[in-house]
Amino acid sequence: MSRLENKVALITGAASGIGRAAAEALAGEGARLALADVRSDALRTFAGAETLPITGDVSQAAAAQNMIEQTRSRFGCLDILVNVAGIDLQATLDETTESDWDRIMAINLKSIFLLSKYAVPELSRRGGGAIVNIASAAALSPIAGRPAYNASKAAVVGLTKSLALDLAPRNIRVNCICPGAVDTPLLRQSIEAAPDPEAALAAVSGRYPLGRIATAAEVARAVVFLASDNASFITGVALAVDGGRTMH
């Protein structure tokens, strides 16, 4: 039997990158999926009776609540919430505007608060469940020149631990994953925009003791583990999936 057979999972940021890989990995373990993203066209590639695409902005309370309600309406329950939706901001303190700060906090942090808030009653009705948040290795070892991004991801770790403590009596486990650089379309675009893409990729890879960046599938396998009963006694953990970067 697959590890997530008969489980229902809602994944945000599911259209590409880690979110898409997580969706594929969870489906491979038997889960039925509600997939949320702002890009409705990209979600259409997940067509199937066991998949529900939901378009919405995770930083808005009404949209977050709608994602939970649609999931319950379609599948009757919710067992797993995976908060992947997030953005990057490569800007120094001087370059960061107030609107930049507010936007990154809304998408990277507030969204997790909102989705968790509305998901907890559904998870409780099932006798418990799992919430998996995507933070970043930058939460554990900051990247120079990105104070807003670093702060948003460090806050995800803090929120994860707080929720793990508060929700433990309801048998809801809350963990987060801190990936390093991951081979996603967004990272590839950034590398291809460099004057020497090959050198840029080598420079990024050189920061990792394992000598390479991660695949999205490698992060997705960690999501499956934390969402499954294999991690039944794990909560409040910030799991570094970073090829050893935070040891530097």
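No value in this document is a laboratory result; all are computed from the given coordinates. Everything numeric here is computed off the predicted structure, so don't read it as measured data. Neighbour counts run over all protein chains shown; Cβ positions are idealised from the backbone, glycine included.
Listed values, structure above:
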quantity	calculated
Ascending count of other beta-carbon atoms within 10 Å, so fewest first, for Phe233, Phe46	Phe233, Phe46
Dipole of the chain, positive direction: furthest Cα of Gly243, Gln70, Leu93, with charges on the beta-carbon	Gln70
Ranking of Lys117, Lys7 by count of other Cβ atoms within 10 Å, fewest first	Lys117, Lys7
Cα centroid of region 111-138 to Cα centroid of region 63-103, whole Å	12 Å
Extension gain (nm, one decimal) between Ser73 and Ser99, 0.36 nm per residue minus Cα-Cα	5.8 nm
Note, ³J(HN,Hα) from phi for region 207-222, Karplus 6.51, -1.76, 1.60, rounded to Hz, x at Gly and Pro	7, 10, x, 6, x, 7, 8, 7, 8, 4, 5, 5, 5, 4, 5, 5
Long-range amide H partners of Val241 with built H, under 5 Å	Cys178, Gly180
Spin-label pair Gln189/Arg3, simplified geometry with 7 Å Cα→Cβ offset, distance in nm	3.1 nm
Rg/Rg_ref, region 97-248, where Rg_ref = 2.2 N^0.38 Å and atoms are Cα	1.12
Computed [θ] at 222 nm, helices only, for the chain once each DSSP H run of length n ≥ 4 contributes -39500 (n - 2.57)	-13000 deg cm²/dmol
